[in-house]
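Data block below; observations after.
The values are calculated or read from the model by the stated rules, or taken from the named source; none is laboratory data. Model, not experiment: these values are computed from the prediction. Neighbour counts are summed over all protein chains in view; Cβ atoms, including those assigned to glycine, are modelled from backbone coordinates with ideal geometry.
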Ligand SMILES: Cc1cc2nc3c(=O)[nH]c(=O)nc-3n(C[C@H](O)[C@H](O)[C@H](O)COP(=O)(O)OP(=O)(O)OC[C@H]3O[C@@H](n4cnc5c(N)ncnc54)[C@H](O)[C@@H]3O)c2cc1C
């Protein structure tokens, strides 16, 4: 078990400093990882494995648990999935200190993080704070649309959906057809079907296809899977306003709803005023600060923009951890007068995978799979991820949950 720090406890590292090419270095080095999502947890576990034992590692998150967000939509239909996708941070780490606090600000010149309960000094930092829902200032959307980023959102969506589905000819509108929107629409449609309700589900997408930013054949297969569930898929439908009963579209049309879910986009963390931090292929914001995952807008070594996704966050985290290790090594080596050579990040995706109710769509290379093969792949990926972050109990529960659900569906 590793220490979990909460409340007013504050860590302070190194009074004495020495100077090297990368700036002042404290005698006891300290690496902080801000945010314990896919990026932050992966970076921290790799640093635990690779950094010398006298280098301090602190992982900060406002929650004591890691949330497996890419399965979050499933809680809407199966509340028990919440247990499978909630991973206790202390249980999955060996020596890093977990500090439960909100990150409020980062002073990169002074190398100090302001937290809700104090401050934290660092030598090297990795910003892995993920993203928040973007409302783009569209009137009424933040007020009337429910986002989906945390468990509380999934539970709120479920409880309202059950009321709507059990009512007479309810209308559920989902705004935004990215990875989260299509999966939410699929879950809601499956929930309506299971409950024997007559609710209609409509998904609105501003661009000309669902899952924009992902391969076109994948988007087409997702559209077919949604339509097979009776979801009305509307592309080139730009939301310009919402009130408590209607969503207004740019075309002049007004779409009536009983429930409105908003998955229309992401923005950066509040600690950075909503900006996603632009980094290049070494994932560095400056010599000692890395930005990884959804919190960052990454351009990889080929010059391509990396899509915000769980798989990008995990892959970027591996490069960030490697580069943090090289920085630490260079600074501990008194002979190191030059900046170390850092690894460069290139995003290679093995494919994309989403669930649509009880169906799934997988794009593997040029091929697109659906049905049992895609579902098996999705279970394998979910279990593989949970095992890779040391959440073996969650992985076991996840597999038995999937088998149970498969047998009962
Ligand atoms: C419903 C849904 C379905 C999705 N499906 C897929 C999918 O099928 N495939 C895929 O690749 N991606 C999917 N995604 C996207 C994926 O979940 C994100 O891209 C991924 O979570 C990004 O990882 P991250 O580590 O950057 O951020 P996150 O996983 O969001 O982690 C950020 C962490 O930072 C913490 N944090 C944030 N702000 C603060 C603060 N101020 N102080 C302290 N802690 C803070 C949070 O508590 C959180 O633990 C889906 C997302 C959603 C919502």
message = Being buried (at least 19 other Cβ atoms within 10 Å of the Cβ) and either away from the ligand (no atom under 16 Å from the Cβ) or assigned by TED's automatic domain parsing to the domain that holds residue 44 (or both) is true for just one of 225, 248, 320, 301. Which residue is that?
response = 320
Within the range 34-58, considering residues that are within 10 Å of the ligand (Cβ to nearest atom) and not in a loop (DSSP other than H, G, I, E, B), the one farthest from residue 315 (Cα to Cα) = 34
key: Filtered residue count, the range 148-189, keeping only those that are more than 22 Å from residue 84 (Cβ to Cβ), more than 13 Å from the ligand (Cβ to nearest atom) and in contact with a helix residue (DSSP H, G or I) (Cβ under 6 Å, 6 or more places away or on another chain)   = 3
message = Of everything in the range 344-389, what is crowded, with 18+ Cβ neighbours inside 10 Å and more than 30 Å from residue 192 (Cβ to Cβ)? Give them in sequence order.
response = 345, 347, 389
task = Determine whether residue 243 is under 30 Å from residue 323 (Cα atoms) and either in contact (Cβ under 8 Å) with a residue 60 or more places away in the chain or over 20 Å from the mean Cα position of the chain (by Cα) (or both).
result = no
query = If you go through the range 255-309, how many residues are farther than 28 Å from residue 114 by Cβ and in contact (Cβ under 8 Å) with a residue 12 or more places away in the chain?
reply = 19
query = Any idea which of 294, 329 is more than 16 Å from the ligand (Cβ to nearest atom) and in a helix (DSSP H, G or I)?
reply = 329
task = Restricting attention to the range 350-368, report how many residues are in contact with a helix residue (DSSP H, G or I) (Cβ under 7 Å, 6 or more places away or on another chain) and either away from the ligand (no atom under 12 Å from the Cβ) or assigned to a helix (DSSP H, G or I) (or both).
result = 4
inquiry  = Condition check: assigned to a strand (DSSP E or B) and over 22 Å from residue 318 (Cβ atoms). Does residue 255 satisfy that?
reply    = yes
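Condition test on residue 22, is it touching a helix residue (DSSP H, G or I) at 6+ places or on another chain (Cβ under 9 Å), more than 8 Å from the ligand (Cβ to nearest atom) and modelled with pLDDT under 95?
So residue 22 passes the test.
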request  = Find all pairs meeting these conditions: Cβ atoms under 6 angstrom apart; at least six residues apart or on different chains; first residue within the range 108-122 and over 13 Å from residue 32 (Cβ atoms); second residue within 13 Å of the ligand (Cβ to nearest atom) and at pLDDT 95 or above.
outcome  = 116/101; 116/102; 117/101
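Residues checked against (1) over 20 Å from the mean Cα position of the chain (by Cα); (2) free of Cβ contacts under 8 Å to residues at least 12 places away in the same chain:
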| position | (1), (2) |
| --- | --- |
| 330 | yes, no |
| 333 | yes, yes |
| 340 | yes, no |
| 350 | no, no |
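Residue-by-condition table, conditions (1) surrounded by fewer than 16 Cβ atoms within 10 Å (Cβ to Cβ); (2) touching a strand residue (DSSP E or B) at 6+ places or on another chain (Cβ under 9 Å):
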{"residue": "77", "(1), (2)": "no, no"}
{"residue": "80", "(1), (2)": "yes, no"}
{"residue": "86", "(1), (2)": "no, yes"}
{"residue": "95", "(1), (2)": "yes, yes"}
{"residue": "99", "(1), (2)": "no, yes"}
{"residue": "111", "(1), (2)": "no, yes"}
{"residue": "116", "(1), (2)": "yes, yes"}
{"residue": "143", "(1), (2)": "yes, yes"}
task = Might you let me know whether the range 400-408 holds any residue that is closer than 27 Å to residue 42 by Cα, crowded, with 18+ Cβ neighbours inside 10 Å and within 14 Å of the ligand (Cβ to nearest atom)?
result = no
ask   = Just to be sure, is residue 303 over 18 Å from the mean Cα position of the chain (by Cα), outside any loop (DSSP other than H, G, I, E, B) and modelled with pLDDT of 95 or more?
value = no
